[in-house]
Amino acid sequence: MKDIDLTAYRDLFRSHTEMRVQESTQSSFSIINGKVEQNIENSSAGVSARVYHKGVWGFASTPVIDQDSGGEVVRAATANAKAFQSLSKTDKPPLEAIPSRSSFSPKRVKEPFSKKENLDRLLAIDAYIAKKYPDLKSRALVTRSQQIEKRWITSFGSEAFSSYPRAHIYVTLTRDKNGDSIENTEVFGGFGYFEEQFDDLCGIHRRIDELYEHLRKKAEGDYPKPGFQDVVLSPYVGGILAHEAIGHTVEADLVKNGSIARDFLNEKVASDIVTMVDFAHHYKGELLRVPVFTDDEGTEAIDAVLIDQGVLRGYMHNLESAHEFGCAPTGNARGFEFSDEPLIRMRNTAILPGNSSLEEMIASVDEGYYLMKTMNGQADSTSEFMFGIVQAYEIKNGKLGRALRDFTVSGVAFDMLKTITMLSSEMAWENSGYCGKKQPMIVSTGSPAIKCKMLIGGRE
């Protein structure tokens, strides 16, 4: 990362000031039916400054990274804050902040692959699929590698650095069934460098075989019976639900704007067995997939306990919301690009595990459904949600039955949480997508398998 000496600007800090220099790089390949369709590489870099003056923020950024430009953005952000304050005539006290002096940069344990080596691995996976499954209507493979580096300095004593790599391969298989295109997708990878995650392709081949088998069964499947049904959610579906339908309702900026969670602090909102936390960087001593030690306000990141044994205990905060709510900031302020002002965003949001096994949970259902994968979900601040389910099986007399075609589930998350009766003892984490709250953001979700009730959309 091209860098500058941020400490040289301390003399320009007239009030609460945050500076950030950031570089983001991303590369991507896509292959459709053996043909390379896309080869993209892009990057962005720049410096930003944000100033708080008597209750008003001023912000400025530039894509030029040198010592002169750093001083210019500090002066511009300071001038903007003072100008806005003179118009608003606010006179709020300074914000209390917790400085961070962290440094996080995962070491490479293998030599980086060249672009050709990355492409060769994708072509090798495609060749495996084409040879073993010639009956497919189509196959599509995409790789995405990303690296984000940030350095911060603040007027309240923060000096921090973070380097965040992640890499994924997305595989979509499609079959034709009586003129209908039936597809399934699997995602490989996560936090870390491409060469570390995709050096050995044998594990990917095994999961592709599983993906094809699910697709084959899905093509022969039918639609579920509509109505409120007993369901078992896979950890993947449970994690998406935790993020979309629950997590956004407990972000403090949305709480201030009327989220359903505004009126339920310290009240029962879920079953006694439900605890939900937005983790900063570790869970049970293990580094998580989106490790945030310092947020983009330069604040030390700490875990945010949201629901504890069914009771809503707190929200996710930045500096300003923590001041307004009279609590400690949790370090949830994050911006995607250097030119983005930080917003309250989730990091590693998870429902914690219980003490059941997945097998026990399925065996406890006389008639219902096992929901394994979802896409195209949406939710709002009332916690109402609707998700598309793209991989699922019926449950009959405690056993998995036929596979199902795509359908939807819906409900109100704060009602659904109260129907949870079992949680698996094992949980899984996932971070292949982006959160789309005003600006894209890398997030991670975690969940055990969950037994609850949901409204199933089907075809009579």
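Read-outs throughout are calculated quantities, based only on the coordinates presented, and are distinct from any laboratory measurement. Computed from a predicted model, the values in this text were never measured in an experiment. Reconstructed Cβ throughout: ideal geometry from the backbone, glycine too, with neighbour counts over all protein chains shown.
Label separation (Asp308 vs Asp11): 4.8 nm, computed from points 7 Å beyond Cα along the C-beta direction. Using a cutoff of 8 angstrom between alpha carbon atoms and counting only pairs six or more residues apart, the relative contact order for the chain works out to 16 percent. Among the trypsin sites (Lys or Arg not before Pro) within segment 318-380, not one is in coil by DSSP while having at most 10 neighbouring Cβ atoms inside 10 Å. In terms of its Cα atoms, segment 255-353 spans 41, 34, 19 Å along the principal axes, sorted from long to short.
Overall size of segment 227-457 from C-alpha positions, given as principal axis extents largest first: 53, 34, 34 Å.
Note on Lys131: lysines with a C-alpha under 26 Å away, same-chain residues under 8 apart excluded, are Lys35, Lys115, Lys116, Lys177, Lys217, Lys218.
Specify the inter-centroid distance of segment 99-123 and segment 65-80, based on alpha-carbon positions, in whole Å. Between the Cα centre of segment 99-123 and that of segment 65-80, the gap is 32 Å. Where in segment 14-33 does the label zone of Ser105 land, with the point 7 angstrom along Cα→C-beta and an amide N cut-off under 20 Å? Within reach of a label on Ser105: 19-26. Counting only Cα atoms, the chain measures 69, 55, 38 Å along its principal axes, largest extent leading.
When Rg and the Kirkwood Rh are both derived from Cα coordinates, the Rg/Rh ratio for segment 286-420 amounts to 1.05.
What is the percent of Cα-Cα separations in segment 334-374 that go past 16 Å? It works out to 65 percent of all Cα pairs. Here segment 227-457 is assigned +1 on the Cβ of each Lys and Arg and -1 on the Cβ of each Asp and Glu. Its dipole about the Cα centre then comes out at about 640 debye. Overall shape of segment 243-284 was characterised from the C-alpha gyration tensor. The equivalent ellipsoid obtained from it has semi-axes of 19, 15, 8 Å, in decreasing order. Within segment 6-219, the ratio Rg/Rh, alpha carbon atoms throughout and Rh by Kirkwood, equals 1.17. From the alpha carbon centroid of segment 232-283 to that of segment 383-460 is 14 Å. Mean projected area of the Cα convex hull of segment 1-57, taken over all directions, amounts to 6.1 nm². Using Cβ point charges alone (K and R +1, D and E -1), the dipole size of segment 7-131 about the Cα centre works out to roughly 340 debye.
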